[in-house]
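Below: one structure, written as structure tokens.
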Amino acid sequence: MAERIHSIQGVSPVERVQRVSRASSAAAGQFGDLLRREIKVAEPAISFSKHAQSRAEERGIQVDDTLMGQLADSVERAQAKGATNILAFDATRAFIINVPHGRVITTMSQEEMEENIFTNIDGAVLLK
């Protein structure tokens, strides 16, 4: 009887188990990749450090959904160009953002922008 099992389709039972195991591992890997991508999309695209939150409050910078969308768009555009630390700004406010982490590091009002020099950035994005 054992000979008969080994002779089915010329594949031993051990080889069949190995093939099924490899196929299951590949499917699990694909599922894991898909899950990681979906989770990443569900996470907020931008966040504020504690320092940036306190600076925004001190400087009267209103953080609303529109601004968050503009900052997220700025980060996406900067990522496409390979930037790591950007200045995202408009006429009244500026934000220094760490692109890989999607984190606002600090904020500035219009008055503060007039006298500041921005260092350690590798890109600038106009908010739109």
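All of the numbers you see were taken from the coordinates with simple rules; none came from a lab. Remember, predicted model here, so these are calculated numbers, not experimental data. Virtual Cβ from ideal backbone geometry, glycine too; neighbours counted across all protein chains shown.
Between M113 and H51, the modelled labels are 2.0 nm apart [label points 7 Å from Cα along Cα→Cβ].
According to the Kirkwood expression over distinct Cα-Cα pairs, how big is the hydrodynamic radius of region 47-126, in Å? Could the numbers behind the result be given before it?
On the way: mean 1/r = 0.0805 Å⁻¹.
Result for region 47-126 stands at 12.4 Å.
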